[in-house]
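Each remark here refers to the structure printed beneath this line.
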Amino acid sequence: MQVDAWIDYTTGEVDAPLLSWFLPLAGIWPHSAEKEAAAKEALKKGLAVLDAHLATRTFLVGDAVTLADIVAACNVFLGYTKLFDATYRKSVPHVTRWYETVSNQPHAKAVLGDAPLCAKTMTFDPATAAAAKEALLGKGAPAA
């Protein structure tokens, strides 16, 4: 039951706002500064709950990796590789420790590979967004 609850929580309260921040930067969705700010604020709240929970735990549920950890780590993967620079990561130290623990498990590494932590947060640049969209979706992709 706790596993399902954490999967639902991280999907709705972490992954959804994270994608609302990332996808416009990648040219997949139209960019809006107001929507980006709202997504960042929603993500901050979602990660704060996760960080508080992980302050006294290594994993989300129990003493070993569960499906909740795997799903949640995948939910924050784009954040840790594209958006969460060192300054941002300091605001969620327990989530960062947990993410590094889970993503460095042998089975996770086999899927995620070596995924270095973000050095510089992505920002919106129309040319970069158009190129990223083309790389993801191919030439002739519909306009955002």
* Test: residue in the range 49-70 that is closer than 25 Å to F124 by Cα and open to solvent by less than 30 Å² (accessible area, probe 1.4 Å) -> no
* Please state which of the following conditions T96 fails to meet, knowing it meets all the rest: (1) over 17 Å from Y9 (Cα atoms); (2) open to solvent by less than 20 Å² (accessible area, probe 1.4 Å); (3) not in a helix (DSSP H, G or I). => (3)
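Filtering the range 5-38 down to residues that are among the charged types (D, E, K, R) and without any contact (Cβ under 8 Å) to a residue 12 or more places away in the chain, which residue is most open to solvent (accessible area, probe 1.4 Å)? Walk me through it before giving the result.
From the range 5-38, those among the charged types (D, E, K, R) are 8, 13, 15, 34-36; that's our starting set.
Checking which are without any contact (Cβ under 8 Å) to a residue 12 or more places away in the chain leaves us with 8, 34.
Details: D8: 111, E34: 154 Å².
Only one residue tops the list, namely E34.
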* Structure fact -> Within the range 104-124, the count of residues that are in contact (Cβ under 8 Å) with a residue 24 or more places away in the chain and assigned to a loop (DSSP other than H, G, I, E, B) comes to 11
* Asked: Residues in the range 44-66 that are in a helix (DSSP H, G or I) and touching a Phe, Trp or Tyr at 6+ places or on another chain (Cβ under 7 Å): how many?
  -> 1
* Residue check: is E41 of a type in the set (D, E, K, R) and either surrounded by fewer than 17 Cβ atoms within 10 Å (Cβ to Cβ) or not in a helix (DSSP H, G or I) (or both)? -> yes
* Structure fact -> Cβ pairs under 7 Å, 6+ apart or interchain, first in the range 48-69 and among the β-branched types (V, I, T), second surrounded by fewer than 17 Cβ atoms within 10 Å (Cβ to Cβ), ordered by first then second residue, are T58/T101; V61/Q2; V61/V3; V65/Q105; T66/V3
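The values are calculated or read from the model by the stated rules, or taken from the named source; none is laboratory data. What you see is a predicted model, and the numbers here were worked out from it, not measured in a lab. Note: ideal-geometry Cβ built from the backbone for every residue, glycine included; neighbour counts use all protein chains shown. Quick note on the areas: whole protein, heavy atoms, side chains included, nothing else; ligands and nucleic acids left out. Shrake-Rupley method; radii C 1.70, N 1.55, O 1.52, S 1.80 Å.
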